[in-house]
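A.B. asks: A single structure is presented below for examination.
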Amino acid sequence: MFASGLMSAQVVDAIATTVLTPYTVKDKVFHPVVEVENNGSMVLDEVEVVFELLDAGNTVLATETQTYSGLALNNADKARLKLDTDWLLDVTGMFKIKCTLNVTGDETPANNVLEIDMESVELDYTNLEEGAGYVFTEDDFYKTNVDNTAPIWIADIDPVLYPFAIKFIDGILYGMRGHWVGSSIISTWIMINGDGTIYEMGTINTEPGYIVFGMTWDAVTNQVYVINSGGFQFSTLSTLDIETLDLTVIDLLGTNNQLYYAIEFGADGVMYGLNHATANIDIIDPTDASTTPLPNGLSNYNVLGTGFDLSYNYIDSTLYVSLRDMNQSSTVSVYCSVDVTTGMVTPIFDIDDTEGTMTMAHPNIPSLGVNDIEASQFVIYPNPTQNSVTVEMLDLESTNYKILSIDGRVLLNGVINHQNKTIDISSLASSTYIIYFEANGKQSTKKIIKL
């Protein structure tokens with residue numbers, strides 16, 4: 001049995017409402033997700049889903065069946081069900097994903113089949129320049145440099161696609177945009193190519209009337225956090241599952257229905273938030289969403305409207321904020337550095353845009369300088385690895401090392417030599433890391449993958 005209820009007169013009715021393929025499609029390995037809604041009066045406990053991958057001519061390329069138990073969905077409840085098996089997307093151009101729900105006794109089995117057309121995403125990641133940051137305004141896409149000179153224009157964008165937040169995650173530029181569909185406002189998870197092309201990956205599962213304003217990524221825990229706003233009046237801090245696009249609410253941010261526009265992790269894992277209600281930058285505790293304001297505030301700037309952002313640059317160890325300058329036209333967005341000790345902001349450059357909006361992302365792959373130790377000096381194995389890596393050195397007797405997260409935080413450090421050449425990384429989460437070597441005033445870097 002795939003469903004159970006209190007009495008036979010009750011109705012079993014499951015509906016497949018949407019299919020999405022977020023996040024892992026970037027590697028051509030993805031896990032399709034189907035959203036199931038209980039439209040009946042019986043509690044829906046168990047559903048069998050048949051996932052099919054079809055080419056444009058409806059030839060079945062792959063099929064998997066998975067059963068989901070313990071759903072406990074009451075009437076109008078929804079659940080997003082992800083296929084656990086890795087699917088390799090080795091087709092180009094158009095393809096289809098078909099999901100079929102098998103629920104015993106379903107009153108409307110015709111609603112149990114959903115097929116969507118998709119197009120394989122070919123992202124040119126070489127266009128995302130290592131060491132560069134990126135900025136969106138209402139209708140333009142720019143690249144920024146570490147020296148904070150004026151940004152370099154890359155492309156026009158459709159204002160309809162303007163993202164409220166963008167961030168690097170494992171070296172790939174992600175974001176989300178809020179937009180109206182009929183009378184409903186929704187938030188869409190996107191990937192961004194280096195030429196400004198935006199790919200929609202799926203709808204974030206928010207409460208009706210809520211919209212996602214800001215996001216940040218903790219590379220140490222591999223956790224994405226978002227600000228989810230209700231009616232543009234208050235904000236909740238939530239975690240985001242970037243495979244199913246489900247939100248888990250932590251708590252309300254601030255007090256007295258305070259609205260936040262942006263969040264960002266800085267050095268030592270400190271989370272900062274841009275508080276619209278108080279025109280201030282606050283420190284946020286991600287465990288309980290409690291806040292502590294930085295001194296001074298943003299009295300010389302305007303934080304009305306949307307499209308303001310925070311971004312931490314691990315290359316120069318500086319927090320940056322985009323604001324609207326009250327002393328100029330309301331269409332001028334100002335890019336500023338923030339002293340996180342005093343709370344003071346220093347303007348660096350501005351962009352005149354139709355709506356005065358700016359969202360930005362700094363590089364989270366640290367630029368550690370020239371590799372002036374030959375890469376062939378180091379042989380690292382196994383890579384990928386689960387618990388440890390061994391480093392063989394050719395001509396060096398010893399070297400200092402640091403293990404850094406992809407956003408530049410130092411997680412482990414020590415010294416290796418020919419007698420002690422194994423580094424224990426079992427305490428690290430599964431992710432990509434950078435190992436940085438330094439010996440005799442020279443340095444080198446390599447990437448390692450923790451499974």
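A.B. asks: Restricting the range 80-139 to residues that are at pLDDT below 70 and part of a helix (DSSP H, G or I), which is surrounded by the most Cβ atoms within 10 Å (Cβ to Cβ)?
C.D. replies: Here the residue is N127.
A.B. asks: I'd like the full set of residues that are at pLDDT 85 or above and of a type in the set (G, A, S), limited to the range 168-184.
C.D. replies: G175
A.B. asks: Which strands (runs of 3 or more DSSP E) does the range 185-280 wholly contain that include 2 or more residues that are at pLDDT 85 or above?
C.D. replies: It comes to 210-218, 223-230, 234-240, 247-252, 260-265, 271-275.
A.B. asks: How many residues does the range 153-177 contain that are under 29 Å from D218 (Cβ atoms) and more than 10 Å from the chain's Cα centre (by Cα)?
C.D. replies: 8
A.B. asks: Of a type in the set (A, V, I, L, M), surrounded by 19 or more Cβ atoms within 10 Å (Cβ to Cβ), part of a strand (DSSP E or B) and at pLDDT 90 or above: which single residue out of V49, V34 fits that description?
C.D. replies: V49
A.B. asks: Given the structure, is D86 in the same structural domain as A110 (by TED's automatic domain parsing) and over 29 Å from the mean Cα position of the chain (by Cα)?
C.D. replies: For D86, the condition - in the same structural domain as A110 (by TED's automatic domain parsing) and over 29 Å from the mean Cα position of the chain (by Cα) - is not met.
A.B. asks: Another question about this same structure. Name the pairs whose Cβ atoms lie under 9 Å apart, with the first residue in the range 238-258 and at positive phi, the second of a type in the set (F, W, Y) and not in a strand (DSSP E or B), and 6 or more positions between them or separate chains?
C.D. replies: Sorted first by the residue in the range 238-258, then by its partner, the pairs are L245/Y23.
A.B. asks: Same structure, new question: Any idea which residue in the range 281-305 is nearest to P163 (Cα to Cα), counting only those that are buried (at least 18 other Cβ atoms within 10 Å of the Cβ) and modelled with pLDDT under 85?
C.D. replies: V303
A.B. asks: Within the range 403-422, restricting attention to residues that are surrounded by fewer than 19 Cβ atoms within 10 Å (Cβ to Cβ) and in a strand (DSSP E or B), which residue is modelled with the lowest pLDDT?
C.D. replies: Ranking the candidates gives V410 first.
A.B. asks: Further question: Looking at the range 193-215 only, could you name the residues that are buried (at least 19 other Cβ atoms within 10 Å of the Cβ), touching a residue at least 60 places away in the same chain (Cβ under 8 Å) and at negative phi?
C.D. replies: Correct list: N193, G194, M201, N205, F213, G214.
The values are calculated or read from the model by the stated rules, or taken from the named source; none is laboratory data. Computed from a predicted structure; not experimentally measured. As a convention, Cβ positions derive from the backbone with ideal geometry for all residues, glycine included, and neighbour counts pool all protein chains shown.
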